[in-house]
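These notes are about the structure you will find just below.
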Amino acid sequence: MKKIIFGLLMCLCSPLQSWGADTLDETLTTYIPSYVAVEATGTNTSGTIDCSTGANSGVGGEFRLWTTSDETDYDFVLQSVVQTSDAGQVNAYGYLSEVEFIIFGNSEADKYPTSASIADIKNSPYQNPNAIAYPVTTSVNNFESIELYDDAEYDGYHYKLATGGKMVGFIYQNVQTNPISNTYDYGSDESGVYQATLMFSALRKP
Amino acid sequence: MIRRKLLVAGLLMAGFVATGFTTTAQAATSAEQILQVELGGFVDIEADDKGSCLSGDIDTDTGKLEKDLTSKFDIKANCKQDLYLYAKAGSASGPQNAFYEDDGAVYVALASIDNVPTDSAFNNVVAGNASNADDNPNVIAYQVSGVALSGASSGNTPVFSNTEKQYEINAEPGLTSATTTIATDVALNTYSYVDTAGTYQATVTLTSTSL
């Protein structure tokens, strides 16, 4: 028994050995696991709204991604949600007239926008109490690109990153100052903090 | 034979070890960031002259107005707001509070702008106990029949404070109209021949600042 244990240890810890007169070829393979890490790095995430125009002071999100893999193994997805009073969190991204935008909702529980209010903005802004939309500019640093897609798998609009084979880089989403037309009205958008949540994920493909 | 078994066992162990290493490295694969922008409280008040009836004639025999006078303000607010409605009319020492309460009713005193009343005459009326119209020349008072709210604040009722000489209005978020109506009947003992011909007026103000 001691011999068997000794033999096993020799296999694991010793250089290749030949046994007797036989010739043995052995290939040693080192496996480097795929590594992915995501970090929220934005610091300009809060601001104010001008009551008379609805213009915000300029906010934005920022994420850093490290990866030894790429889009063949992962979907790198940027999503956003806004809280509603009747349907929980819903997709906050929209796209109208070739403008990509994000919807902010009042964050006070008794002032949450309804899902109808969010839908109104996404379809044709007219009446949308307690929800305000702003155009967004989404870009990358070091990576190849990031584009808007519309896919039911992600509840509609979302962004997908192409790394271009780069192992580390940044994803930026800047919220422009002026609101989308007919989404801000001081007669229907109540005072309070308006917010949307950005989520960047590396989702491993099956 | 034994060597062969050892070799097989060694290779199997190496395989297990290698399999263990194929586990994906552990790290955060998603991150969240909340974007927030704060919208402060805001109220915008506009005098709606088109929706108002700001002038009319006085019947010289009775002192009655020919028609009700109305003053309308449009309010836009994005939060609950306490607003204050008051009136000012000029006497010798300057603008004075023109709303007053008498026996449970609210009145407004109109002062001649051509022959400005004395402070004594004006005070005689707004004190609410005028007993002789000869004591208050160039001041005529009419009852405020009400301050009506429509729109977002229609469920609220303005309350008059005789201490502050103003109506207190709770405006709700949204669009509200506040219409003040002055009835035609002249207040007792405030109109007589001592009121000289000319224009009588009071200025109604709606504001977020209390008197």
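The values are calculated or read from the model by the stated rules, or taken from the named source; none is laboratory data. Just so you know, these numbers come straight off a predicted model, no measurement behind them. Neighbour counts run over all protein chains shown; Cβ positions are idealised from the backbone, glycine included.
Reported count of residues in segment A:66-88, each being buried (at least 18 other Cβ atoms within 10 Å of the Cβ), modelled with pLDDT of 95 or more and either facing chain B (nearest Cβ under 9 Å) or under 19 Å from A:Y149 (Cα atoms) (or both), is 7.
Working carefully through the options B:T205, B:T190, B:T179, B:T209, find the one that is closer than 15 Å to B:I75 by Cα and in contact with a helix residue (DSSP H, G or I) (Cβ under 8 Å, 6 or more places away or on another chain). Full working, then the answer.
Details: B:T205 fails: in contact with a helix residue (DSSP H, G or I) (Cβ under 8 Å, 6 or more places away or on another chain); B:T190 fails: closer than 15 Å to B:I75 by Cα; B:T209 fails: in contact with a helix residue (DSSP H, G or I) (Cβ under 8 Å, 6 or more places away or on another chain).
Only one candidate qualifies: B:T179.
Within 12 Å of chain B (Cβ to nearest Cβ), without any contact (Cβ under 8 Å) to a residue 12 or more places away in the chain and either under 29 Å from A:F143 (Cα atoms) or part of a loop (DSSP other than H, G, I, E, B) (or both): does that describe A:T30? So A:T30 passes the test. For segment A:120-161, a tally of residues being under 14 Å from the mean Cα position of the chain (by Cα) and of a type in the set (D, E) returns 2.
Within the option set B:N162, B:N136, B:N189, B:N132, being buried (at least 18 other Cβ atoms within 10 Å of the Cβ) and either more than 12 Å from the chain's Cα centre (by Cα) or in contact (Cβ under 8 Å) with a residue 60 or more places away in the chain (or both) holds for one residue only, B:N136.
Considering each of B:S150, B:S154 in turn, give the residue that is closer than 24 Å to A:Y186 by Cα, surrounded by fewer than 20 Cβ atoms within 10 Å (Cβ to Cβ), free of Cβ contacts under 8 Å to residues at least 24 places away in the same chain and under 15 Å from the mean Cα position of the chain (by Cα).
Values: B:S150 fails: free of Cβ contacts under 8 Å to residues at least 24 places away in the same chain.
Being closer than 24 Å to A:Y186 by Cα, surrounded by fewer than 20 Cβ atoms within 10 Å (Cβ to Cβ), free of Cβ contacts under 8 Å to residues at least 24 places away in the same chain and under 15 Å from the mean Cα position of the chain (by Cα) holds for just one of B:S150, B:S154, which is B:S154.
Taking B:Q201 as the residue in question, decide whether it is under 16 Å from B:D82 (Cβ atoms) and modelled with pLDDT of 95 or more. For B:Q201, the condition - under 16 Å from B:D82 (Cβ atoms) and modelled with pLDDT of 95 or more - is not met.
Could you tell me whether B:L175 is crowded, with 16+ Cβ neighbours inside 10 Å and within 27 Å of B:G56 (Cα to Cα)?
Values: crowded, with 16+ Cβ neighbours inside 10 Å: yes; within 27 Å of B:G56 (Cα to Cα): no.
Judged against the criteria, B:L175 is not a match.
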